[in-house]
Amino acid sequence: IWPTGTTRPATPTVRNITAINYRFQGSLTYGISYNWQVVAKNSCLQTAGPVQTFTLRQLPDLIVQNVKTPTFLYANQQLSVSWEVKNEGGGSTNAQSWKDGVYLSLDTVLNTNNDILLGAVNNTSYLPAGQSYVQSASFSLPENMAGSYYVLGATDATRQLLESDEENNYADNGG
């Protein structure tokens with residue numbers, strides 16, 4: 001296996017396969033085209049098959065933007081929040097279901113160990129590259145809340161999707 005447009009390696013990537021099926025365990029990059037070729041060998045001869053080509057799909061990259069909340073709320077009130085999720089990657093999500101979560105945080109960095117999860121909302125449709133959707137929900141604030149918090153919207157909150165960047169899946173409401 002070698003990237004299309006480069007020279008075929010002198011040493012095979014995989015050799016001495018005797019099974020009819022083989023699952024490649026090496027590292028391949030998404031969005032890249034690769035060549036592969038089977039060379040049949042026995043003790044006397046070898047016969048090279050045709051060079052085949054395959055391309056790994058482009059990955060999605062979901063981001064959250066435009067998180068909107070009321071300016072002031074108090075403990076035990078309903079928080080109405082809306083946010084937009086956009087796929088900035090080169091490929092579709094290839095999955096029709098994942099969860100968007102809403103968190104309260106003392107800062108603008110999502111930390112699921114410290115931040116308070118108010119709730120999650122299911123997304124139930126594929127998201128092609130370049131497309132977006134707007135989500136909204138209402139959550140009850142905890143009774144014992146005091147102080148100022150950021151509201152963070154997070155998409156793919158349970159990391160169900162394979163993405164090109166998993167670290168940009170959240171945004172805040174700006175305080």
**Request:** Rank by packing, highest mean first: peptides 150-160, 37-47, with packing defined as the count of other Cβ atoms within 10 Å averaged across residues.
**Result:** 150-160, 37-47
**Given [x] 13.8; [y] 11.7; [z] 23.5, the label whose value is mean projected area of the Cα convex hull in nm² derived from this model** = [x]
**Prompt:** Under 22 Å Cα-Cα from residue 86, which lysines qualify once same-chain neighbours fewer than 8 residues away are excluded?
**Reply:** 68, 99
**Message:** What's the magnitude of the charge dipole for the chain around its Cα centre, counting Lys and Arg as +1 and Asp and Glu as -1 at the beta-carbon? Answer in Debye, nearest 20.
**Reply:** 1080 debye
**Asked** Taking Rh as the Kirkwood radius, which is the inverse of the mean 1/r over Cα pairs, what is the Rg/Rh value for the stretch 19-123?
**Response** 1.27
**Item:** Apportionment of accessible area to carbon and sulfur, the stretch 1-138, percent (1.4 Å)
**Value:** 49 percent
**Asked** Using the heavy atoms of the protein chains alone and a 1.4 angstrom probe, what is the accessible area of the stretch 1-157 per residue in square angstrom?
**Response** 64 Å²
**Prompt:** Counting pairs of alpha carbon atoms under 8 Å apart in space and at least six apart in sequence, what relative contact order in percent does the chain give?
**Reply:** 23 percent
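The values are calculated or read from the model by the stated rules, or taken from the named source; none is laboratory data. All figures in this text were calculated on a predicted structure; none of them were measured in a lab. Backbone-built Cβ (ideal geometry, glycine too); neighbour counts: all protein chains shown. Quick note on the areas: whole protein, heavy atoms, side chains included, nothing else; ligands and nucleic acids left out. Shrake-Rupley method; radii C 1.70, N 1.55, O 1.52, S 1.80 Å.
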